[in-house]
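The values are calculated or read from the model by the stated rules, or taken from the named source; none is laboratory data. Remember, predicted model here, so these are calculated numbers, not experimental data. Don't worry about glycine lacking a Cβ; one is built from the backbone with ideal geometry, like all the others, and counts go over all protein chains shown. What goes into the accessible areas is simple: the full protein's heavy atoms, side chains included, and nothing from ligands, DNA or RNA. Shrake-Rupley method; radii C 1.70, N 1.55, O 1.52, S 1.80 Å.
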Amino acid sequence: MGADWLTDAVVYEIYPQSFADSDGDGIGDLRGVIDRLDHLEWLGVDAIWFNPCFESPFADAGYDVSDYLRIAPRYGTNDDLVELVTKARERGIRVLLDLVVGHTSTAHAWFVEELNAAGPHSDGDRYVWCDDPPQRDTSDDLPGTAAWVRSPGPRPGWYLKNFYDAQPALNFGWGRLPDDEPWRDAVDAPGPLRNRAALREILAFWLDKGVAGFRVDMAFSLVKDDEGHVRTVELWRDLREWLDVTYPDAVLVPEGQEPRTGGPLAFHADFFLVIMAAHATLFDNGYAGRLPFQEWQPPFFDAEGRGSTATFLAEWTAAKAADPARPVLLATADHDYDRLRCGPRGPEQLGTALTFLLTWPSVPSLYYGDEIGMRYLPGMPDVEGAICNPAYNRAGCRTPMQWDDGPNAGFSTAAPERLYLPVDPGPDRPTVAAQREDPTSTLHLVHDLVALRRATPALGARADVRVVHAGYPLTYVRGGTHLVVLNPRRDAATVEVPEAVGARSLLSKGVALVDGSLPAATVEVDGFGHGVFELALQ
C-alpha cells in the first residue's frame, strides 16, 4: 500500500501544549498524550498530527525551531516520542510531525554561528543576508511589515525573515538572480545545497524512529522570488523521489495546496486550510476576528442561511482536476484561527458540519476538542505569539482540552495561574467524560460518523461525489449508493431527490423522506437537520 494509507485515514490534530499535562507543570506533554491514547482509539482516528514539538524558545509556539533533532524538554524526550509512536501503532494510529523547514529560530545554532561571523560562511550561508536590503520588500505573512531585520549581532547587515523577526528564513536560493542584488544565491549554490542536505537528514532522523510522515509548514516559501513556485516544487519533487524509494510508507502533506507546475506532484495530498477561502466560506462566522488574507463573507454553515458552497466547490473541483484520486485534507478547525463552535454557534449546529466533514470525499482532520464541541474563547492572552494583529488572536482555539469536571477540566494538576492558557470557565463547558455517558452527545456523533465512514467505502475519500443541491439543504450522493442531506440553517428546508425513494436512514436527525410518485421524492429537513441514507436499489 505504501503511502496510500493516507487516503483512508481520519487525522486528529494535537496542539501538544494544550492536550494533556502529565507532570503538573501546566503545559501538555507527550506522556500526557500516551496516557490518553485510549480516547483516540475509541474515537477511531488513524493518525495524529502534532504541531511542532521540537526544541524551541517558543516565540511562535514552537514554529521557531532551535534544534530539529531534539524534542523540546517541556514535552519530554526523544525516547518519549518513540514510545508514543510505538504505543499508537499498537492501536492502529500513525504519527505525523509538523515540520517547519522554511525558517528556524534565531536561537538555532546555525543562525547563532552566522550572526557571530564577520561575513559569509566559507561553505555558503544557511540564511539570507545582505548589506542594504531593498525596502520595497514586505512580508507576505504580515502585510505592511518589513521582510528584513537588522542584524542584532556582530555580523553587519540584515537578514530575511519568514514571519516574526525571530524566524529567519533559511536560504534555499532564489528564482530570479538580478545583477543589482548579488547577495541572492542560485538554488544550486553551496548554502542552499547545505540546507537541502540537512532537510533530508532531518526527515530520515524521525522516519527512522517510526514517524509516519510530516505536515510541512509554509512548504512553498523555500525558494524566494520563485514565480509559480516552480523551483520550490522541484526541490520537494526531488525529496519525494528519495522518499518513495527509501521510506515508501511515509507521507508529505503541505500547508495548503501544492502549486501545479506541470510535472509530477511532489506532495501526497493537498490541505484546505482553515484560514483560506475554501474552508472559511463554509465555516468562518467572523467571531474569532477577521483574516487579513481575504474578504469575509457569510459562511454556509451558519444559522442565518446566507452563505454559499460555490467557492468551496470551485476550489474542490480545481484541486481534483489534475488527479481525481489525490487526497485533500479538510479540517474541522486548526491551531491558526477559530473552532467550529465559535461565537453564537451552539452545539445544536455542530451536527451538520461534522456530518459534512466526515462524509465528504476528503481526508478529515479533527482538531483536538472539536469532537466534544469545545468553544473558541475570545479575549485570551497573547501567549507565544498567538496574536498576529489586533483582529487575529489564535489563542482562543488553543485552550486546554476538557477531559472531565475535575480541576482544570482534567487537563492538569497545576494551579490555574500556571496553565499554558486558561480553561473554559463556563459551567456548561463540554467534557469527554460527560459526553461519553451521553449517547446523544457531539462526541458520540463523531464516533458514530467515523465508524460509519470506515464501514462504508462509499462514504470515504475514494468514492465519487455528485452534488444534487448546492444550497440549503446541501445534498449529495456518495459512490452512487449513499445520500447525505445537510441543513445548517435555522429554518427548515426541502429538496427533491429522485434517488431518495425508499432510502434507508443510517444516521439522521430531523430529516424526513416523503416518498412521492416515482421517480421523485421530497426530502424535508428541519433546521440544523442532517442525515446519511443508504439508497434503495432500483
Pairs under 7 Å by beta carbon, first residue of a type in the set (Asp, Glu) in region 78-100, partner modelled with pLDDT of 95 or more and open to solvent by 30 Å² or more (accessible area, probe 1.4 Å), six or more apart or different chains? Asp80/Arg31
Based on this model, can you work out whether Val223 counts as more than 20 Å from Phe54 (Cβ to Cβ), of a type in the set (Val, Ile, Thr) and surrounded by 16 or more Cβ atoms within 10 Å (Cβ to Cβ)? yes
Look through region 45-95, keep the residues that are of a type in the set (D, E, K, R) and assigned to a loop (DSSP other than H, G, I, E, B), and return whichever of them is nearest to Val450 (Cα to Cα). Asp46
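Looking at region 487-504 only, could you name the residues that are at pLDDT below 95 and either in a strand (DSSP E or B) or among the β-branched types (Val, Ile, Thr) (or both)?
Listed by number, the residues that qualify are Glu496, Val497, Val501, Arg504.
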In region 44-56, anything out of contact with any Lys or Arg (no Cβ under 9 Å at 6 or more places or on another chain) and either among the β-branched types (Val, Ile, Thr) or open to solvent by 10 Å² or more (accessible area, probe 1.4 Å) (or both) is listed as Val45, Ser56
Tell me which of these Trp174 doesn't satisfy, since it passes every other one: (1) farther than 25 Å from Arg260 by Cβ; (2) open to solvent by less than 20 Å² (accessible area, probe 1.4 Å). (1)
Based on this model, can you work out whether Met218 counts as at positive phi and under 19 Å from the mean Cα position of the chain (by Cα)? yes
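Per-residue answers, yes or no, for (1) free of Cβ contacts under 8 Å to residues at least 60 places away in the same chain; (2) assigned to a helix (DSSP H, G or I); (3) within 20 Å of Ser122 (Cα to Cα):
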| residue | (1), (2), (3) |
| --- | --- |
| Phe172 | no, no, yes |
| Asp179 | yes, no, no |
| Arg194 | no, yes, yes |
| Ala197 | yes, yes, yes |
| Ala204 | yes, yes, no |
| Lys209 | no, no, no |
| Phe220 | yes, no, no |
| Asp238 | yes, yes, no |
| Trp242 | yes, yes, no |
Criterion: in contact with a Ser or Thr (Cβ under 6 Å, 6 or more places away or on another chain), under 30 Å from Ile14 (Cα atoms) and of a type in the set (Val, Ile, Thr) - qualifying residue of Val223, Val211: Val223
From the residues in region 187-199 that are closer than 20 Å to Ser66 by Cβ and open to solvent by 20 Å² or more (accessible area, probe 1.4 Å), which one is farthest from the chain's Cα centre (by Cα)? Arg194
Considering Gly343, Gly385, Gly379, Gly373, which residue is surrounded by 22 or more Cβ atoms within 10 Å (Cβ to Cβ) and on the phi > 0 side of the Ramachandran plot? Gly373
Could you check how many residues of region 1-60 are at pLDDT below 95 and touching a Gly at 6+ places or on another chain (Cβ under 8 Å)? 1
Only one of (1) touching a residue at least 24 places away in the same chain (Cβ under 8 Å); (2) over 23 Å from Gly529 (Cβ atoms) is not met by Asp302, so which one is it? (2)
Tell me the strands (runs of 3 or more DSSP E) entirely within region 407-486 that contain at least 3 residues that are among the polar types (S, T, N, Q) and either under 26 Å from the mean Cα position of the chain (by Cα) or modelled with pLDDT under 95 (or both). none
Please go through region 273-311 and give me each residue that is at pLDDT 95 or above, acidic (Asp, Glu) and surrounded by fewer than 14 Cβ atoms within 10 Å (Cβ to Cβ), ordered by number. Glu304
With Ala461, Ala493 as the choices, which residue is buried (at least 22 other Cβ atoms within 10 Å of the Cβ), touching a Pro at 6+ places or on another chain (Cβ under 7 Å) and over 25 Å from Leu329 (Cβ atoms)? Ala493
Selection within region 13-43 - small (Gly, Ala, Ser) and either closer than 24 Å to Ile202 by Cβ or buried (at least 21 other Cβ atoms within 10 Å of the Cβ) (or both): Ser18, Ala20, Gly26, Gly28, Gly32
When only residues in region 244-272 that are in a strand (DSSP E or B) and either of a type in the set (Phe, Trp, Tyr) or open to solvent by 10 Å² or more (accessible area, probe 1.4 Å) (or both) count, which is nearest to Arg94 (Cα to Cα)? Phe271
